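Colleague: A single structure is presented below for examination.
The values are calculated or read from the model by the stated rules, or taken from the named source; none is laboratory data. It should be emphasised that the depicted structure is a prediction, and the values quoted were computed from it without experimental measurement. Backbone-built Cβ (ideal geometry, glycine too); neighbour counts: all protein chains shown. With ligands, DNA and RNA removed, areas are computed over all heavy atoms of the protein, side chains included. Shrake-Rupley method; radii C 1.70, N 1.55, O 1.52, S 1.80 Å.
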Amino acid sequence: MKFIASSSALQKHLQQINGVISTHAVIPILEYFLFEVEEGNLTITGTDLEVSMRSVMDVEAKEDGRIAIPARIIQDILKTLPDQPVTFTISEENNSIELTSDSGRYKIAGENPEDFPRFPEVENASNISLPAGVMERAITSTIFAVGTDELRPALTGLLFKLAENDITFVATDGNKLVKYQRLETGSESEDTFIVPKKALGILRNSLPDGDQEVKMEYNSVNALFTFRNIKLICRLIDERFPDYNAAIPKEAPNMLTMNRTQFMNALKRISIFSNKTTYQVKLTIAGSELQLNAQDIDFANEAHERLQCEYDGQDLEIAFNARFLIEMLSILDSDEVTIALSEYNRPGVLRPKPSEENEEILMLLMPIVVNV
């Protein structure tokens, strides 16, 4: 089999799929791409058995064929070549690959394509379509709050909750929680499922710009995302997501309103002087003044700042992990942010002014309980 492909175009497709490839694969074949040529199209597939991804591009080919090619080697070669046609000559007898460019010739040992795992299918699937921009915004607004504790697998993914008039995305790691709701679209049936974090990251990095549609097909086992010339399928997390609504305070009488950028920059400065384990920053709110305090006793570091604010409520002292709070504020794009507070040991709830119609964002952060 022989085919000719643009080196830069091929490298672009491989980079998209490379996020799926495991660097410490249990099965050696998982460190390979599967190349399949059929009727002038090259289909490239990568998988780690939990997440699989494939992309299709045009090539010059007179015959069809398949080969498994080592992912690291082929990318190392292509990313150093200038944009030019590269000829692949594959021997199906010994699974060898020869690359020919304007400047050289390279031989690579491939593997039997029959050993490569089959691309999963989603049988008896429900489906829904979303604009790529909506999907990207939902993932970006929530993925930072997804947990990493493998002992709590339900928290290591993003909850998709489909209803007739809206779609809700929820992520939590037990300390912070983000709920992103899209109101202008919905599903014919009410469903919930949890998509793992790795698949979300790869999906976000591959999404097209603008209003191109992303088709999502899902059943109780897998979810398949299709857009442009790309298919990404992942195994869903088969766990029960916690009741996130129970964690959101129903009453929070103290309302703190701040300029988001000013507040975030002050936190970045103050956190330099905080304890590097807890990143604790204490907020003291009285009248129209907010005081920020941090200290690291081990190194005798200490910092204080005062900011003007709008505050409606009782005087309050409360402490948060500054890194978590900065993370939340950096995701938002509103000029102002309101934090609803109740007690020093109860969570704070951030409610920014939505930058788009038909969306609602709620962010919750648990405090660090200190003697106040």
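Colleague: What percent do you get for the relative contact order of the chain when only Cα pairs under 8 Å and 6+ apart count? Let's see the in-between values first.
Modeller: Working: 845 pairs, mean separation 47.1, N = 372.
This gives 13 percent for the chain.
Colleague: Still on this structure, please answer the following. Taking θ = phi - 60°, what integer Hz values does the Karplus form 6.51 cos²θ - 1.76 cosθ + 1.60 yield along segment 334-342, in sequence order, with x for Gly and Pro?
Modeller: Coupling constants for segment 334-342: 7, 6, 10, 9, 10, 10, 8, 10, 10 Hz.
Colleague: May I ask which residue of 169, 206, 133 lies farthest towards the positive end of the charge dipole of segment 104-258, with charges of +1 (Lys, Arg) and -1 (Asp, Glu) on Cβ and the Cα centre as origin?
Modeller: Working it through, the farthest residue towards the positive pole turns out to be 206.
Colleague: Calculate the length of the line joining the C-alpha centroid of segment 1-66 to that of segment 289-314, in whole Å.
Modeller: 53 Å
Colleague: I've got another one for you. Using the alpha carbons of the chain, what is the convex hull volume per residue in cubic angstrom, as a whole number?
Modeller: Working: hull volume 64.9 nm³, N = 372.
Value for the chain: 175 Å³ per residue.
Colleague: Quick one: which residues, 5+ away or cross-chain, put their amide H under 5 Å from the amide H of residue 368? H built at 1.01 Å from N.
Modeller: 319, 320, 321
Colleague: Could you state how much accessible area residue 276 has, in square angstrom rounded to the nearest 10, with a 1.4 Å probe and all protein chains kept in place?
Modeller: Counting only protein heavy atoms, residue 276 exposes about 100 Å² to solvent.
Colleague: Which entries of 197/231; 197/353; 179/353 show an alpha-carbon separation above 19 angstrom in the structure shown? Provide the component values of the computation, followed by the final result.
Modeller: Details: 197/231 17 Å; 197/353 27 Å; 179/353 14 Å.
Beyond 19 Å: 197/353.
Colleague: With a 10 Å radius around each residue's Cβ, average the other Cβ atoms per peptide and rank 99-109, 307-317, 198-208, highest first.
Modeller: Numbers: 99-109: 12.6, 307-317: 14.5, 198-208: 19.2.
Highest to lowest by the protection proxy: 198-208, 307-317, 99-109.
Colleague: Moving on. List the lysines whose Cα sits under 18 Å from the Cα of residue 2, skipping any in the same chain fewer than 8 residues away.
Modeller: 62, 107
Colleague: Now for a different question. With +1 assigned to the C-beta of every Lys and Arg and -1 to the C-beta of every Asp and Glu, and no other charges, what is the dipole magnitude of segment 308-372 about the Cα centre in debye, to the nearest 20? Mind showing how you got there, number by number?
Modeller: Numbers: 4 positive and 13 negative charges, 79 e Å.
For segment 308-372, the charge dipole is close to 380 debye.
Colleague: Let me ask something additional. Nearest 20 debye, what's the magnitude of the dipole of segment 180-284 about its Cα centre given +1 on Lys and Arg Cβ and -1 on Asp and Glu Cβ?
Modeller: On the way: 15 positive and 12 negative charges, 184 e Å.
Dipole about the Cα centre, nearest 20: 880 debye.
Colleague: With unit charges on the beta carbons (Lys and Arg positive, Asp and Glu negative) and the dipole taken about the Cα centre of the chain, which residue among 361, 234, 262 sits farthest to the positive side?
Modeller: Farthest towards the positive end: 262.
Colleague: Something else now. What value, in deg cm²/dmol to 500, does the helix sum -39500 (n - 2.57) over DSSP H runs of n ≥ 4 give at 222 nm once divided by the residues of the chain?
Modeller: Working: 6 runs with 63 residues, N = 372.
Dividing the helical sum by the residues of the chain leaves -5000 deg cm²/dmol.
Colleague: Convert each backbone phi in segment 13-27 into a coupling constant with the Karplus relation 6.51 cos²θ - 1.76 cosθ + 1.60 (shift: θ = phi - 60°), then list the ³J(HN,Hα) values in order as whole Hz, x for Gly and Pro.
Modeller: Working through the residues one at a time gives 5, 5, 4, 5, 7, 4, x, 6, 5, 8, 7, 10, 5, 5, 10 Hz.
Colleague: Measuring from centroid to centroid over Cα atoms, what is the spacing of segment 178-238 and segment 315-336 in Å?
Modeller: When both Cα centres are located, 28 Å separates them.
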